[in-house]
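Take a look at the structure below.
Every number in this text was worked out from the coordinates using simple rules, so none of it is lab data. None of the values given here were measured: they were computed from a predicted structure. Glycine gets a Cβ as well: all are built from the backbone with ideal geometry, and neighbour counts include every protein chain shown.
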Amino acid sequence: MNQNKKTEVKVCPECNSTDIKEKGNLIVAGNIYRCNNCGHTGVLFPVMAWEDAKKLKVKTSE
Ligand SMILES: [Zn+2]
C-alpha cells in the first residue's frame, strides 16, 4: 500500500489561494512562485496541510 496523496500545498500569504505556480527559472533566487489569483510573486509561500488550506477563505480582489 503506497498511497502517494498530495497532502501539502503552498498557500499565498496575500490572499490564501492555493493556486500557486512555480516559476523556478531564475538563476538568482532559486524557486520563485507566483499566485495565479492575486499575482503575488516571491519565494516565501507557506506550506500548509491540504486539509487546513481548504478551510481558508481566499480573498478575491474584485
Ligand atoms: Zn495570492
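Miscellaneous remarks
- Once backbone amide H atoms are built at 1.01 Å from N, I32 has K23, G24, N25, L26 as its partners under 5 Å, excluding neighbours fewer than 5 places away on the same chain.
- Fewest-first ordering of L56, L44 by other beta carbons within 10 Å of each residue's beta carbon gives L44, L56.
- Per-residue 3J(HN,Hα) values for the range 43-56, derived from phi via the Karplus relation 6.51 cos²θ - 1.76 cosθ + 1.60 with θ = phi - 60°, read 9, 9, 10, x, 9, 10, 5, 4, 4, 6, 5, 5, 7, 5 Hz in sequence order (x marks Gly and Pro).
- This ranking places D52, D19 by how few other beta-carbon atoms lie within 10 Å of each, fewest first, which gives D52, D19.
- Straight Cα distances below 12 angstrom link K6 to the aspartates and glutamates E51, with same-chain residues fewer than 8 positions distant left out.
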